[in-house]
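The values are calculated or read from the model by the stated rules, or taken from the named source; none is laboratory data. Model, not experiment: these values are computed from the prediction. Neighbour counts run over all protein chains shown; Cβ positions are idealised from the backbone, glycine included. Quick note on the areas: whole protein, heavy atoms, side chains included, nothing else; ligands and nucleic acids left out. Shrake-Rupley method; radii C 1.70, N 1.55, O 1.52, S 1.80 Å.
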Amino acid sequence: MKLHIALWLCVSSICISYSQIKQDTINTKTTQLPEVIVTGNSNTDPTHSTVKNDYQKKGIQPKNVADLFSEINGFSTIKRGNYAIDPTFRASAYEQLNVMYDGGTKAVHACPNRMDPVTTHVIPEEIEKIEVVKGPYTVRYGATFGGIINMVTKDPNKLDKGFHGKASAGYETNGNALVNLLQLQHVSNKFNITGNIGYRDFDDYEDGQNTTIPSAFRSTDYGLKLGYNLTDNQYIQGHWRQSFGRDIKHVGLPMDTEFDNSTIVSLDYRAEDISNTLKGITAKGFYSYVDHLMTNENRANFNMVFASSPVTSTTIGGKLETHWLFNNNVNLYVGTDANLIGRDGTRTRTIKMMNGNMLPNPMVRQDKIWQDASLNDIGVFSEAKYQINKTTFTAGLRLDFVNANAVDLENDFASIYGNDVKQSETNISGTLSLKHNISSNTIMEVAYGRGVRTANMAERFINHFTVGQDSYEYLGNPLLKPEINNQFEIGFQGHSKLNELNNFSYQLSAFYSVYNNYISAVVDTSIPRKFMPMLQPQFTKVFTNIDNAYKTGLEFMFKFELLEDYYFQNQSAYVRTKNKDFGESLPLNPPFTSTFSIGVDKENYWAKAQYNITSKQSHIAPSFGETETAGYETLDVKLGATLFKNITLGVACLNVFDETYSNHLNFSYRNQPDFNMSPITEPGRNFTAFLQYKF
């Protein structure tokens, strides 16, 4: 909390002092916040970065933000139900990806089973674009192991002046799903204000064999954003948002969510063109709080035991960065950032049956979930970009000072690790890269990045909870070393004009990662199962470091633009991982995917048919309960049009052929009376409609 107050005072003092120095009147110039990483400038953007930004136009129907990743090459999703969906990129998942909103705002899940990942706490319709840095190729946005995902909301300064708004509604036939959104904004030269409220109601869906998959949920979200131009080159913005999830079914987890409430508050400040050398100062402070309750009240084992787990998560953080320009060709960024995470919560079990016999008087037991844990990371960084002729060189160095602790230990946990589990780390990461314009329409990118990730709270402090895809109890290890990713990548992108009406563009990249101290989990036959000890598996998995592991892969895209408005496109992605210590793949290795799209994209209407091919996955991690999954092929068709000046209609048919299939990364059915332990099947044929009115 002290850091949060200090950052807030820092922002305020900068604003006040600089306002006294420069009290210019507001003109038509507006100062943009550093909410974006990718600006469309090849000389300043991070190496191997990309952006997806057509969400507002295409009339899509997202369940949550994770659905927005479906058409970005190299991405897959980890599914536990319709609500708890995590993105994964190039076989990196969870904290291996640095996921943020608007350049740094974060919210950390409270549930140890990730029922409430970061993607569930923002209205999907708010997202204007998603930016991706494909590896640890920049040090400016926090500790980064496998890549950066920045979900950018609409900047009010880019909107037309005056009072505007939009209202939208969507419906899905498969699951009787309904979404609504109302957004209002007023923009002037001096200030802007934006407010929105959304509601989503999803029922259980059916797969291709008409099997009903328990997946219903409801959520209500609202947000308020207020910006103020202090001078012609200073801008301050506050953002408040809350999300309320209710009655959320998690078919791939042992419990369901009764409620999931989150609050995210952020304050951003920017000053530009301070002097010929000091080009900018940016400051950000944020606070997020997640309050989560999960129970098994509607599950198969409720008659034997009732479990209730209220858990909370608090994240406080911020960033201060200066931008310097020397000799018009050297950009230097120097700054500091912080993320302070705290979690707590218990599970209360009311045991009604033991050894097959009902107890005359149920027994009540309490289990500590997070053991009042904290994980603090304060970083300092410097990154320079030097441009000479057609080449841009980037070099960055970062130090992270990490402190982790848990102060309310269970007795059995303390008996293994002692009563003092406080640990400190100093982690060094960095990057070297170059971006070279081979010609006016061809760019080559070569990069090396060293990304370091400290062990997360579950890996450090979880105590005999089933947090994996298998049925093992997992035990944390506070003595874990941070895992290191030494990633190398080369890529080419270009375009050519075939004639006056036809164009061709392509992207190709290949990467190789050497992992050190990769964090995994192994069965320890000296530690028996703690809860319901008569069940299998009999022993416990303990998080540990793996010495020898690697990852390699490639991505490819080509696109023909025909007669200006028509196109044909292919995207393909392949990644291969290896855990040499276990003689198997690393877990969560996605299969090869390829999509073929044909469509038309005109100003007032658009259409696309996309054929999706996913291969069989035989490169698996049996030690994590993974099994081979079959390949599958699906077809999606999407149409949209601007019916009138301000009204847009989008319709789609997803999974046209009503295929029954499971994504390899999906969790398996858990604690469900009518399902065996097999991966969750995806929705069958689904018709959707999405109507939006702007004014």
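Please tell me which of these pairs span more than 21 angstrom C-alpha to C-alpha: LYS166/LYS645; LYS154/LYS559; LYS52/LYS551; LYS616/LYS638; LYS161/LYS284; LYS134/LYS608? Correct reply: LYS154/LYS559; LYS52/LYS551; LYS616/LYS638; LYS161/LYS284; LYS134/LYS608.
The figure for TYR205 is an accessible area of roughly 0 square angstrom, using a 1.4 Å probe on the protein chains alone.
Let me know the charge dipole size of the range 424-560 about its Cα centre in debye, to the nearest 20, where only the beta-carbon of Lys, Arg (+1) and Asp, Glu (-1) is charged. Let's see the in-between values first.
Details: 11 positive and 11 negative charges, 20 e Å.
Value, rounded to 20: 100 debye.
For the range 479-552, the average shadow cast by the Cα convex hull is 9.4 nm², which is a quarter of the hull's surface.
For ALA455, the residues 5 or more places off, or on other chains, whose built amide H falls under 5 Å of its own are GLU483. Could you tell me the center-to-center distance, by alpha carbons, between the range 235-250 and the range 374-444 in angstrom? Each part's Cα centre sits 28 Å from the other's.
Packing around the peptides 187-199, 524-536, taken as the average count of other Cβ atoms within 10 Å per residue, puts them in this order, highest first: 187-199, 524-536. Residue-wise HN-Hα couplings along the range 513-521, as the Karplus relation 6.51 cos²θ - 1.76 cosθ + 1.60 with θ = phi - 60° gives them from phi, are 10, 9, 9, 10, 6, 4, 8, 9, 9 Hz; Gly and Pro carry x. The range 157-200 to the range 86-116: how many Å between their Cα centroids? Between the Cα centres of the range 157-200 and the range 86-116 lies a distance of 25 Å.
What does the highest-first list of 98-104, 72-78, 614-620, 274-280 look like by mean Cβ count within 10 Å?
Ranking, from highest mean packing down: 98-104, 72-78, 614-620, 274-280.
Residue order by solvent-accessible surface for TYR228, TYR661 is TYR228, TYR661, largest first, with ligands and nucleic acids left out and a 1.4 Å probe.
Which value at 222 nm does the chain reach when only helices count, each DSSP H run of 4 or more adding -39,500 (n - 2.57), with the total divided by all residues and rounded to the nearest 500 deg cm²/dmol?
Working: 4 runs with 36 residues, N = 695.
After summing the helix terms and dividing by residue count, I get -1500 deg cm²/dmol.
Only the Cβ atoms of Lys and Arg (+1) and of Asp and Glu (-1) were treated as charged; on that basis the dipole of the chain about its Cα centre amounts to roughly 900 debye.
I'd like the distance between the alpha-carbon centres of the range 473-508 and the range 517-588, rounded to an integer number of Å. Centre-to-centre distance over Cα atoms comes out at 16 Å.
With the other protein chains left in place, how much accessible area per residue, in square angstrom, belongs to the range 511-572 at a 1.4 angstrom probe?
Per residue, the range 511-572 has an accessible area of 50 Å².
Answer rounded, prolate or oblate for the range 101-165, using the Cα gyration tensor with square roots of eigenvalues a ≥ b ≥ c: rounded when a/c is under 1.5, else prolate when a/b is larger than b/c, else oblate. Before the final figure, lay out each step's value.
Details: a/c = 2.93, a/b = 1.42, b/c = 2.07.
Oblate, because a/c is 1.5 or more while a/b does not exceed b/c.
Give me the percent of the accessible area of the chain that comes from carbon and sulfur atoms, probe 1.4 Å, all protein chains in place.
57 percent
Using the average count of surrounding beta-carbon atoms within 10 Å as a protection proxy, the listed peptides 474-480, 652-658 rank, highest first, as 474-480, 652-658.
Relative contact order of the chain, please, whole-number percent, based on alpha carbon pairs below 8 angstrom and at least 6 residues apart.
In percent, rounded to a whole number, it is 12.
Relative contact order of the range 583-695: 22 percent, from C-alpha pairs under 8 Å at least 6 residues apart in sequence. Its alpha carbons considered, the range 573-689 gives a radius of gyration followed by a Dmax of 18.6, 61 Å.
A 1.4 Å probe run over the range 597-640, with the rest of the protein chains in place, finds 49 Å² accessible per residue.
Which values, in whole Å and largest first, are the semi-axes of the equivalent ellipsoid of the chain obtained as the square root of 5 times each eigenvalue of the Cα gyration tensor? Kindly include the intermediate steps, with their values, before the conclusion.
Working: eigenvalues 299, 190, 146 Å².
Computed over the chain, the values are 39, 31, 27 Å.
The slack between MET532 and ASN676, meaning 0.36 nm per residue of separation minus the straight C-alpha distance, is 49.9 nm. The order of TRP370, TRP324 by accessible area, most exposed first and with a 1.4 Å probe, is TRP324, TRP370. In order along the range 145-161, the phi-based Karplus estimate (6.51 cos²θ - 1.76 cosθ + 1.60, θ = phi - 60°) of 3J(HN,Hα) comes to 9, x, x, 10, 10, 10, 9, 9, 8, 5, 7, x, 5, 8, 8, 5, 5 Hz; Gly and Pro are listed as x. Across the range 639-650, rounded Karplus estimates of 3J(HN,Hα) from the backbone phi angles (6.51 cos²θ - 1.76 cosθ + 1.60, θ = phi - 60°) give 9, x, 7, 8, 5, 10, 4, 10, 10, 10, 10, x Hz, Gly and Pro being marked x. Placing HIS323, HIS186, HIS292 in order of accessible area, with the largest value first and a 1.4 Å probe, yields HIS186, HIS323, HIS292.
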